[in-house]
Structures are given as structure tokens and as C-alpha cells.
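Note sheet for the following structure.
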Amino acid sequence: PIQVVVAIDGPSGSGKSTVSKEIARRLNLGYLDTGAMYRAVTWWAMHEGTDFAEPSAVVEAARNAPVEISTDPDHQFVRVGGTDVTDAIRTPEVTSQVSSVATVPAAREVLVQRQRGIIADSGRRIVAEGRDITTVVAPDAEARILLVASEQARMNRRGAQLGGSQDAEALRQQVVGRDAKDSTVVNFSTAADGVVTLDNSELTLEQSVTAVMDLVLRAV
Ligand code: C5P
């Protein structure tokens, strides 16, 4: 079995979750969705009535949230203290609040440490995706990729994911608005040294997977 850490960053709607999961399946690696960890902490903080305007309260929530996350690409789930929140963390309510956790540096530090632990526990056989994997969580990953796509392509994909029920302005807010907030604390629009940028605006899912697979196999 090949031993490799694959780090994939990108904005929302870049297809990084779908591509990362598929790479993990094909290479028989674990899969870590770090966004799900930020979402789970956010769900917990909302559940606990945390004051999001108070950074120390947000850090407390990040430390105390009993988050359990699956690294099996074929059986993804997230639990918080025994409650299955796999679907609950994807609601618009959580999605629009998650930047309030992600923009608190000390809360990020808590999650980054856990993510590094999960990568170590995998025996360095994992695909980890998010916003700061190539730069902060696993700058030592063998394969580091920044997946990007045009704003239009990202909005189209997110719209399709949500079943086409959202109007254009709500979609733009969810995709572009969230990225704007997130990018105040992490840079995922330009590739760091040694990170390969892949623009998949014009690629099908299968073509994106093939392109990433080539990069990974070249790195091992
Ligand atoms: O990837 P996903 O859209 O599920 O991520 C949800 C949110 O989690 C992002 O909008 C961002 O605020 C935060 N996030 C982050 N760093 C990561 C992964 C996600 O700040 N590595």
C-alpha cells in the first residue's frame, strides 16, 4: 500500500470534497474533511448557546466540543457527543455561522492540532482537504494541491448540490460571501511554494480526479 499524505485546499464549490474522497478510494487511503470539523464545532457552539461575538467563548467551544469524525471515504459521519450531526452540519444556519469559528485564530489552533493527530494516526496514509492543509496543517505532505475554479463554475456546482432550489443571490452569498470571510484568516486563493494549482472550471469530475491522481502518483 502506498504511503502518502495528500493535502488539498480550495474555495467552496471547487469540488475538493468529491475529488478528495475519490482519490482516497482509488488509493485506499483515509479521508479527512476538515471543514466538517469546523462545522461540527459550530453546531456544538450553537447548541450550547455560545456567544459568537466573544472569541474566548468560541475557543472554549472548540476545545470542549466532543467531535468524532470518520476517515472512511465510503462511510462518512460526524458525531458530537454521541449525536449524529452528519446532516445537521450542512444546514444553511450552520453554514452561515461557521466563519465565526473559523476566523478565531486560537480556535483554529485547537482544530489544527487535532487534524495533525488524525493524519499521524492514519500512518500518513490520508487525503486531507480544507483551506489551510497545504500551508498550516500538513505543509510536509508529499502531494500538495490547490483546486480552484471560476466563480461561475463554483456557483453552478453548489446550486446543483442543493438541488437547484436556491436563488442566485443566496447562492452567491453562500459561495462568494463565505470565501470572502474565510480568506481574512487563511489564504487559499494563491498557492504557497511547492503547491500545484489545478483549475478545474472546464473539467468534468472524472477529468479532475485523473489530473489530481497524476499529481499524487508523481509525488510518491
Ligand atoms: O469545506 P467546507 O465548506 O465544509 O468548510 C466549512 C467552513 O469551515 C469554511 O467556510 C471555513 O470557514 C472553515 N474551514 C476552515 N479551514 C479548513 C476547512 C474549513 O477555516 N481547513
If Lys and Arg each add +1 and Asp and Glu each add -1, what is the summed charge of the other residues whose beta carbon sits under 14 Å from the beta carbon of L171? +1
Tally Lys and Arg at +1 and Asp and Glu at -1 over the other residues with C-beta under 14 Å from the C-beta of V85: what net charge comes out? -3
Arrange L29, L215, L111 by Cβ neighbour counts within 10 Å, fewest through most, would you? L215, L111, L29
Neighbour-count ranking [beta-carbon atoms within 10 angstrom, fewest first] of H75, H47: H75, H47
If you take every DSSP beta bridge fully contained in the chain, what fraction is antiparallel? Give it as a percent rounded to 5. 25
For the chain, what does the alpha-carbon gyration tensor say about shape, rounded, prolate or oblate, given a ≥ b ≥ c as the root eigenvalues, a/c under 1.5 as rounded, and a/b over b/c as prolate? oblate
Taking the reciprocal of mean 1/r across every pair of different Cα atoms in segment 94-180, the Kirkwood radius in Å is 15.0
The distance between the Cα centres of segment 170-211 and segment 1-48, in whole Å, is 14
What value in Å³ per residue do you get for the convex hull of the alpha-carbon atoms in segment 1-110? 110
Convex hull volume per residue in cubic angstrom - Cα atoms of segment 138-194: 99
Where GluC sites (Glu not before Pro) in DSSP loops with at most 16 other Cβ within 10 Å are excluded, longest remaining stretch of the chain: 1-141
For segment 128-142, Karplus couplings with θ = phi - 60° (6.51, -1.76, 1.60), whole Hz, Gly/Pro x: 10, 10, x, 10, 10, 6, 5, 9, 10, 6, 9, x, 8, 4, 5
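Here, each number is a calculation from the coordinates, and none is a lab measurement. Being a predicted model, the structure only gives us computed values, none of them experimental. With ideal geometry, Cβ positions are generated from the backbone for all residues, glycine too; neighbour counts draw on all protein chains shown.
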